[in-house]
1. Where nothing but the Cβ of Lys and Arg (+1) and of Asp and Glu (-1) is charged, how large is the charge dipole of the chain around its Cα centre, in debye to the nearest 20?
2. With r defined as the distance between the Cβ atoms of residue 118 and residue 21 and R0 fixed at 41 Å, what FRET efficiency is calculated, to the nearest 0.05?
3. Please compute the net charge surrounding residue 34, taking Lys and Arg as +1 and Asp and Glu as -1 over other residues with Cβ under 11 Å from its Cβ.
4. Highest first, please rank the peptides 83-95, 116-128, 51-63, 9-21 by the mean number of other Cβ atoms sitting within 10 Å of their residues.
5. Pairs of Cα atoms under 8 Å, at least six residues apart: use those to get the relative contact order of the stretch 54-161, whole percent.
6. Roughly how tilted is helix 12-63, in degrees to the nearest 10 and between 0 and 90, from the longest Cα axis of the chain?
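The numbers here are math on the coordinates, done by the rules we state, and not lab data. Quick caveat: nothing in here was measured; it's all calculated off a predicted structure. Glycine gets a Cβ as well: all are built from the backbone with ideal geometry, and neighbour counts include every protein chain shown.
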Amino acid sequence: MRRRAPQSGMTLIETMVVVAIIAAMAGLSFPSFTAGLDGLRLRSASSTVASALNIAITTADRRQLPVQLAIQPALNRIVLRAAESKRDQIFDIPGGVKIRRILPALFLDELKRDRYVVVYPNGAPPQLVVELENSRGTLRQIKLDPITGVAKVVDLVANAR
């Protein structure tokens, strides 16, 4: 009589159980992973807008030239144009985040209109609020303080409209 050698390895059923457990863990963690990415994009976009506003004020003061700040919600970007400068500085808002509105509103149907603001050297910066929204409806405002001239980021309650 021949003896069979002991076999090692995994059966198909054991492999299927392991794959099912991995799939369940991935399915449970995916929503929190995407929420984290959306939050990261919103924070990045807020930093971009705050930087653009701060750079506009700093450029006007250092160069002693007026700086035009163009906020373009339809193109989802902010453009800085310094007087006597040959090139514009363009700040693109990352995908998944959009410019929701610009306050104070000048017109009732202003949601997608471009806003042009001129920052003068040694002058008071304009009072301005840029509101951003991500794909989950989370809102964040970037407020330009007319007294200090510094842009500050403010979180708003999620899904508040």
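1. Details: 22 positive and 13 negative charges, 122 e Å.
It works out to roughly 580 debye.
2. On the way: r = 61 Å, r/R0 = 1.48.
E between residue 118 and residue 21, to the nearest 0.05, is 0.10.
3. Numbers: positive: 41, 136; negative: 38.
Within the 11 Å Cβ shell, the charges total +1.
4. Working: 83-95: 12.4, 116-128: 15.5, 51-63: 19.0, 9-21: 9.5.
In descending order of packing, they fall as 51-63, 116-128, 83-95, 9-21.
5. Details: 228 pairs, mean separation 26.1, N = 108.
Over the stretch 54-161, the number comes to 24 percent.
6. That helix lies at roughly 10 degrees to the long axis.
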